[in-house]
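Since every read-out is calculated from the coordinates, none of them should be taken as a lab result. Only a predicted model underlies this, so the values are computations on that prediction, with no experimental measurement involved. Glycine gets a Cβ as well: all are built from the backbone with ideal geometry, and neighbour counts include every protein chain shown.
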Amino acid sequence: MADKTQLLNEIYDTSFAINDLTLYLDTHPDDTQALAEFHQLKSRRKTALSTFEQEYYPLTIDCLSDNKNGWTWGDTPAPWKGGMTNVEL
Amino acid sequence: MWNYEKRLQFPVNIKKKCPKTAQYIISQYGGPDGELSASMRYLSQRYSMPYNDVGGLLTDIGTEELAHLEMICAIVHQLTDNLTVEEAKTAGFDAYYIDHATGIWPQASGGIPFTANEFQSKGDAFADLVEDLAAEQKARATYENILRVIEDEEVRKPIIFLREREVVHFQRFGEAMERVKFRLDSKNYYFFNPEFDKQMMQKQ
């Protein structure tokens, strides 16, 4: 099983970088290096989100896989209720 | 259309209750330079923005501001969770407690409720972008005021993150303004191509 802190850190790191690069690309659409970096991060984030869903719980509706565990969306901790205590930034 | 992601943009894990700190921080939810008015400002302005790329930037920053107000609310919630009546009474949180107990409600630190008068959507690209630049600077200054009075590192960390985002947003709005300037009708007065009369579109 992948380490929860490590996985969450990967989700936080890639998501933040994608968020920041999105704003950068909005005003620098011709920067090919930034664009390449964006796509690389996007695939890393996708993998981390899907691994986190498989081993812990889904963070987005798109991450809900087959119905092996029933409807789990509402069971998971709210992010303001200690859901993110494992993140170390 | 939006999709929810069940996490905060930057983690908030505060262990020490402090209703007094909550009373300061809540201003960045519903106060004059708070995240709620920031989000509503950009998400309202984007409809009439004559340039697609700048409208896109308003959407992206307005969306990030939603994640910021969620962080602010998480901070206020964790600072007041399981508050006792005695703590509410002694810590300067009493007036808020009477109206909301420990519910989260958008107001300024001084108790003034959130109002749409805190932001403009002028239907004029330059008027709107100049307001956006000022808004980011005012929010940065508010975060600096907060950081001068708060000592708890668990509160300071997310506030420092939010302050940094104001600096980045200011930079992006500045770049957006340059991109709009470049497309203005040069025969018209510099910076004054009224959006409503479609004069801005002459160079497109």
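Just rank B:W2, A:W73, A:W80, fewest to most, by other beta-carbon atoms within 10 angstrom.
If I rank by nearby Cβ atoms, fewest first, I get B:W2, A:W73, A:W80.
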Any idea what angle helix B:52-80 forms with the longest principal axis of chain B, computed on alpha-carbon atoms, 0 to 90 degrees, nearest 10?
-> 10
Which listed residue (A:L25, A:T72, A:S50) has the Cα farthest towards the positive end of the charge dipole for the stretch A:4-74, taking +1 on Lys and Arg C-beta and -1 on Asp and Glu C-beta about the Cα centre?
-> A:T72
Per residue of A:17-23, how many C-beta atoms from partner chains lie within 10 Å of its own C-beta, taken as a mean?
-> 4
Divide, for the stretch B:93-153, the radius of gyration over alpha carbons by 2.2 N^0.38 Å, where N is the residue count.
-> 1.49
Order by protection proxy (mean Cβ within 10 Å, highest first), peptides A:28-34, B:12-18, A:50-56 | B:12-18, A:50-56, A:28-34
Which listed pairs, of A:K42/B:K122; B:K6/B:K122; A:K42/A:K81; A:K4/A:K46; A:K42/B:K138, have C-alpha distances above 25 Å, in listed order = A:K42/B:K122; B:K6/B:K122; A:K42/A:K81; A:K42/B:K138
Nearest-0.05 FRET efficiency for B:D94 and A:E88 at R0 = 30 Å, using Cβ-Cβ distance, is 0.25
Summing Lys, Arg as +1 and Asp, Glu as -1, what charge do residues with Cβ under 12 Å from the Cβ of A:D13 carry, A:D13 excluded?
-> -1
For chain B, built as a Gaussian network whose Cα springs stay under 10 Å, the top-fluctuating residue of B:E151, B:E65, B:E86 | B:E86
Using only alpha carbon pairs under 8 Å that are at least six residues apart, calculate the relative contact order of chain B and give it in whole percent.
-> 27
If we count every other residue with Cβ under 10 angstrom of B:D33's Cβ, Lys/Arg +1 and Asp/Glu -1, where does the sum land?
-> -2
Residue-averaged [θ]222 nm for the protein assembly as shown, counting only DSSP H segments that reach four residues, each worth -39500 (n - 2.57) = -19000 deg cm²/dmol
For B:L129, the net charge from surrounding residues (Cβ-Cβ under 14 Å; K, R +1; D, E -1) works out to -3
Can you give the relative contact order of chain A as a percent, counting alpha carbon pairs under 8 Å and 6+ residues apart?
-> 36
Using 7 Å Cα-to-Cβ label points, what is the B:A101/A:S43 separation (nm, one decimal)?
-> 5.1
In debye to the nearest 20, how big a dipole does chain A give about its Cα centre with +1 on each Lys and Arg Cβ and -1 on each Asp and Glu Cβ?
-> 280
For the protein assembly as shown, what is the per residue volume of the convex hull drawn over the alpha-carbon atoms, in cubic angstrom?
-> 151
Calculated FRET efficiency for the pair A:N9/B:E86, C-beta based, R₀ 51 Å, to 0.05 = 0.85
Cα-based Rg (one decimal) and Dmax (whole number) for chain B, in Å?
-> 19.2, 67
Magnitude of the Cβ-charge dipole of the stretch B:19-196, K/R +1 and D/E -1, about the Cα centre, nearest 20 debye?
-> 480
So the angle from the long Cα axis of helix A:4-27 to the longest Cα principal axis of chain A, reported in degrees to the nearest 10, equals 30
Per residue, the convex hull enclosing the Cα atoms of the stretch A:4-74 spans a volume in Å³ of 92
